[in-house]
1. Can you tell me which residue in segment 202-232 is modelled with the lowest pLDDT, limited to those that are in contact with an Asp or Glu (Cβ under 6 Å, 6 or more places away or on another chain) and closer than 15 Å to Val79 by Cβ?
2. Which residue is most open to solvent (accessible area, probe 1.4 Å), if the candidates are limited to segment 30-64 and must be closer than 14 Å to Leu134 by Cα and part of a loop (DSSP other than H, G, I, E, B)?
3. Might you let me know whether segment 186-209 holds any residue that is without any contact (Cβ under 8 Å) to a residue 12 or more places away in the chain and among the basic types (Lys, Arg)?
4. Quick check: anything in segment 65-74 under 24 Å from Ala160 (Cα atoms), surrounded by 15 or more Cβ atoms within 10 Å (Cβ to Cβ) and among the hydrophobic types (A, V, I, L, M, F, W, C)?
5. Please determine, by comparing only the residues of segment 78-91 that are surrounded by 14 or more Cβ atoms within 10 Å (Cβ to Cβ) and without any contact (Cβ under 8 Å) to a residue 60 or more places away in the chain, which one is farthest from Ser43 (Cα to Cα).
6. Read through the list (1) open to solvent by 20 Å² or more (accessible area, probe 1.4 Å); (2) of a type outside the set (A, V, I, L, M); (3) in contact with a strand residue (DSSP E or B) (Cβ under 7 Å, 6 or more places away or on another chain); (4) farther than 20 Å from Ser13 by Cβ, then give the number of the only condition that Phe113 fails.
7. Looking only at segment 17-25, decide whether some residue is surrounded by fewer than 18 Cβ atoms within 10 Å (Cβ to Cβ), among the aliphatic types (A, V, I, L, M), over 20 Å from Val137 (Cα atoms) and out of contact with any Cys (no Cβ under 9 Å at 6 or more places or on another chain).
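The values are calculated or read from the model by the stated rules, or taken from the named source; none is laboratory data. Nothing here was measured: the structure is a model prediction, and the numbers come from that model. Because the Cβ atoms are built from the backbone with ideal geometry, glycine has one as well, and the counts that use them run over all protein chains shown. When the accessible area is computed, the model is the full protein with side chains, heavy atoms only, and any ligands, DNA or RNA have been set aside. Shrake-Rupley method; radii C 1.70, N 1.55, O 1.52, S 1.80 Å.
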Amino acid sequence: MGTTVRRYLNARSPLRLLEKGLHGGLGRGNLGLVLAGRGVGKSSFLVGVALDDLLRGKPVLHVACDHTVQHVRDHYDTVFEDLAATTHLENPSVVRAELDRLRRIRAYPPSAFDAKRLREALELERELGAQPELIVVDGLDVEARSREELEAWAAAAREAEAEIWITAHAPAERIDGLPPALRPLADLFGVILALEPGTDAVRLRALKDHGNPDLAALHVALDPRTLLLVRS
């Protein structure tokens, strides 16, 4: 993929606004949490974040705990096709092949993936010659995990010097804050985001931004028609 294309897409990416709103973004070595009701768009958010890193030439590991590898691959293809169409991307098949080369997808049963499996997956990726800079984990039953387990996840992010985004279900579409079961774990996450349906898009809101007391507006949303992250 050409440098000009990368610069063009990088400059237009709504993820730059997200990073600005989060005073630099999640950052390598940190654990991030995305909270939303069922079916609101957590998976599409993770795919959007992963595509942004892939388009910048960064290796990504996508772990699916509730879908097959083929399902996840199809999701990436759908979002990429919309991205290529809306940005009038030249040679999309060449770009997609490059992104596929940088992206790994692994699927596990929901209760079978833990910090030990994460470390094993990262070690295997290293042996294969890739060092993921971003790991997205979809479908993890976070509320069922102990504090010790989530501490091990946070330690794995630091040791791998990678960003790790995981998702959690909110009990309702409107999110007033962290569910009671997750509140004792809040300090383990550098960034916590909420996805909430709006009139024409799914809005993204920060519930935690590292130690910053002032939570800025993010000006990023998820388009429910294209599943693309967009400026809002």
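1. Across segment 202-232, the extreme among qualifying residues is Thr226.
2. Looking at the filtered set, the residue picked out is Arg56.
3. No, there is no match, as no residue in segment 186-209 is without any contact (Cβ under 8 Å) to a residue 12 or more places away in the chain and among the basic types (Lys, Arg).
4. yes
5. Here the answer is Ala84.
6. Phe113 satisfies every listed condition except (1).
7. So far as segment 17-25 goes, no, none of its residues is surrounded by fewer than 18 Cβ atoms within 10 Å (Cβ to Cβ), among the aliphatic types (A, V, I, L, M), over 20 Å from Val137 (Cα atoms) and out of contact with any Cys (no Cβ under 9 Å at 6 or more places or on another chain).
Residues are listed down the side, and each one gets a yes or a no for (1) within 16 Å of the chain's Cα centre (by Cα); (2) charged (D, E, K, R); (3) buried (at least 17 other Cβ atoms within 10 Å of the Cβ):
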position: Phe189; (1), (2), (3): yes, no, yes
position: Pro197; (1), (2), (3): no, no, yes
position: Leu204; (1), (2), (3): yes, no, yes
position: Gly211; (1), (2), (3): no, no, no
position: Leu215; (1), (2), (3): no, no, no
position: Leu228; (1), (2), (3): yes, no, yes
